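Reading through the structure tokens given below for one structure.
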Amino acid sequence: MIDLYTWTTPNGRKVSIALEELGLPYTVHPVDIGKEEQFKPEFLKISPNNRIPAIVDSDTEMALMESGAILIYLADKTGKLMPQHVEARYRVLEWLMWQMGGPGPFFGQVHHFVKYNKGKAPYAEERFLKEAHRLYGVLDRRLTEHEYVADEYTIADIAIWPWVSRYEWQTVDLNQYPNVKRWYTAIAKRPAVQKGYHVPKKVNEVPMP
């Protein structure tokens, strides 16, 4: 049994979607970041960085924070969503790291400056929107000749997809990126994605372009 500490954010949804795809039993513990519940002492013991998501695996008694690390752990635990061949495995890790260093932080800045604080920092808006579109272009080119970012459906796709699901927050028209749109729509229709998206609670329907 996995104890999942999470909230309705792209990083949180990565792990709930992965758990659904892997068929692992889990218990959800909502951590309402709007109420700063991530700073409670009991959560700090599990997640030293005070960020969701985090898990505790009752099989190993291991507590783990950081969504990318959790995805790798769950894939290794089950032998699924991660190829065993060395080159294919590192291709997955390559695109997972791309998400962690690119769309995650930069799309997040677009949300902060463009969605929530529009007009307060024009330079920041321009800078982060420009980088967001550059990253969408990178993903679109990759998906030109690949069905998924690492050929087969893996934790790399699961990491990237929730951030793209907020394309409206980023004022991005997915029609500009037809390969991303095709990939996004196919993943959005997966039953495990539909279910994992609504953990720990339903906020809205899965966005569809």
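The values are calculated or read from the model by the stated rules, or taken from the named source; none is laboratory data. Note that the structure is a prediction, hence the values are computed from the model and not measured. A quick note on method: Cβ atoms are made from the backbone with ideal geometry, for glycine too, and the neighbour counts reach across all protein chains shown. All accessible areas refer to the heavy atoms of the entire protein, side chains included, with ligands and DNA or RNA removed. Shrake-Rupley method; radii C 1.70, N 1.55, O 1.52, S 1.80 Å.
Below, the figures for the structure above:
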item	result
Single match in Met208, Met97 (criterion: of a type in the set (A, V, I, L, M), more than 13 Å from the chain's Cα centre (by Cα) and surrounded by fewer than 16 Cβ atoms within 10 Å (Cβ to Cβ))	Met208
Qualifying residue in the range 24-41 (condition: without any contact (Cβ under 8 Å) to a residue 12 or more places away in the chain and either part of a loop (DSSP other than H, G, I, E, B) or open to solvent by less than 40 Å² (accessible area, probe 1.4 Å) (or both))	yes
Cβ pairs under 8 Å, 6+ apart, first in the range 190-204 and within 12 Å of Ser165 (Cβ to Cβ), second outside any helix (DSSP H, G or I) and of a type in the set (Gly, Ala, Ser)	Tyr197/Ser165
Test: Ser47 is crowded, with 18+ Cβ neighbours inside 10 Å and over 23 Å from Val193 (Cβ atoms)	yes
Residue list for the range 68-91, restricted to those being of a type in the set (Ser, Thr, Tyr) and under 19 Å from Gly23 (Cβ atoms)	Tyr73, Thr78
Residue within the range 127-138 that is closer than 17 Å to Ser16 by Cβ and assigned to a helix (DSSP H, G or I) present	no
Candidates Ala192, Ala186, Ala159 - the one that is assigned to a helix (DSSP H, G or I), open to solvent by 40 Å² or more (accessible area, probe 1.4 Å), aliphatic (A, V, I, L, M) and on the phi < 0 side of the Ramachandran plot	Ala186
Boolean, Ser16 is touching a helix residue (DSSP H, G or I) at 6+ places or on another chain (Cβ under 9 Å), more than 21 Å from Trp161 (Cβ to Cβ) and open to solvent by less than 50 Å² (accessible area, probe 1.4 Å)	no
